[in-house]
1. Quote the relative contact order of the chain in percent (integer), defining contacts as alpha-carbon pairs under 8 Å separated by 6+ residues.
2. Where does helix 35-45 land angle-wise versus the long Cα axis of the chain, in degrees 0 to 90, nearest 10?
3. Looking at region 1-108, which GluC sites (Glu not before Pro) are DSSP coil and have at most 14 other C-beta atoms within 10 Å of their C-beta?
4. I'd like the accessible area for ILE283, computed on protein heavy atoms only with a 1.4 Å probe and all protein chains in place. Round to 10 Å², please.
5. Can you find, among SER256, ALA41, SER205, the residue sitting farthest towards the positive end of the charge dipole of the chain, where Lys and Arg contribute +1 and Asp and Glu -1 at Cβ?
6. Going by accessible area, probe 1.4 Å, with all protein chains left in place, what is the ranking of ASP314, ASP149, largest first?
7. Give the Kirkwood hydrodynamic radius (Å, one decimal) of region 271-348, defined as one over the mean of 1/r across all pairs of different Cα atoms.
8. What does the net charge come to around LEU69 if you take all other residues with beta carbon closer than 10 Å to its beta carbon, with K and R at +1 and D and E at -1?
Amino acid sequence: YQGVYPVKCNQDRFVVEDIVRFGSPFRFGLEAGSKPELLLAMSCLCKGNPEALLICNGFKDFEYISLALFARKLALNTVIVLEQEEELDVVIDLSKKLGVRPVIGARAKLKTKHSGHFGSTSGEKGKFGLTTTQILRVVKKLDQLGLLDCFQLLHFHIGSQIPSTALLADGVSEAAQIYCELVRLGAHMKFIDIGGGLGIDYDGSKSSDSEISVSYSLEEYAAAVVRAVLNVCDRKSVKHPVICSESGRALVSHHSVMIFEAISSSACDDVPPMSAFALQYFIEGLTEEARADYRNLSAAAIRGEYEACLTYADQLKQRCIDQFKEGSLGIEQLATVDGLCDMVSKAIGASDPVRTYHVNLSVFTSIPDFWGIGQTFPIVPIHRLDQRPAVRGILSDLTCDSDG
């Protein structure tokens, strides 16, 4: 096994350098999908294991391929993975001019399709990769030019966040069949790159039905991949390949943590007991309809009819608000009706005191993935973990950002 980290998942210098450093004993490499990423990967891998793979994916123009071939000249273990058939001609022409014998891979467009949100680019109608017809044309052209030994890697990608090992095994088996056929056709195959897809259980449900969870463990994922490749290669009597994966989500999702301080909190105020004088003053300022609501509220409370209490309290509150807007009710009386309604809710057990914690977590500046694509972010406290939670709470953004 030789994994690679797709730097698109997090291009932070310290993240990439740490992955190269700690992955060096395991020949762990990097994957690039653009020219800037390729430059970044080359810079980091110069300090890594010389056997670590530098996988070059993505759309490739003249400059990208030149850069990848220079990386090979720098003794980096570079593999140019064909995403489009026409890229092969540029690779062949430039490798002749630069005097470099390239190592070539191809991304296969599998029939296996991941039906979830993250599988829209998979299947035979997916936008990336070569069809079986195109792969055969690549083999034929390389054979005619005496470069078939340069074809060493088969890549595919079912989709990110693969929900089940059954789907995974199905896709890997199909790719392993293509791998064995390429060996039969004379290609010097060494690597099978299963792409990304190792999922993260964001919501804790361990369910294959959820788009933000998976029903397998890391061990089960690895076993499904190895078993699928093993069965096909043994059946075809083909030497087992080096398995490569590009599990960027699984590698770096957990390291990225945002820490917020709860600046302050607010809760429903305790309602002070109302004196008989204050109550009388309140009632005298009401309209006849509002007084009727108050009498109905009192009668329902005496009878223990809690649903009716809430209905009359709501009606009374709305009438008082209307009176206040008209200017016929003072602010003291409006505050009194608020207190009265809260007191009624608490008395009949209908109130739900929720504490609001003010936090600076503007979605626009901090977590655009949540705002833009509905990405789930688990939230955990890091203080008072020895205390049992006793209050319901809401995290509320301090800024005017309403999404917070």
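1. 11
2. Relative to the chain, helix 35-45 is tipped by roughly 80 degrees.
3. GLU51, GLU86
4. Its heavy atoms expose roughly 40 Å² to the probe.
5. Result: ALA41.
6. The residues order as ASP314, ASP149, largest area first.
7. Radius from the Kirkwood sum: 12.4 Å.
8. +4
The values are calculated or read from the model by the stated rules, or taken from the named source; none is laboratory data. Computed from a predicted structure; not experimentally measured. Positions of Cβ are generated from backbone atoms using ideal geometry, with glycine treated the same way; all protein chains shown enter the neighbour counts. Surface accessibility is based on the protein's heavy atoms, side chains included, excluding ligands, DNA and RNA. Shrake-Rupley method; radii C 1.70, N 1.55, O 1.52, S 1.80 Å.
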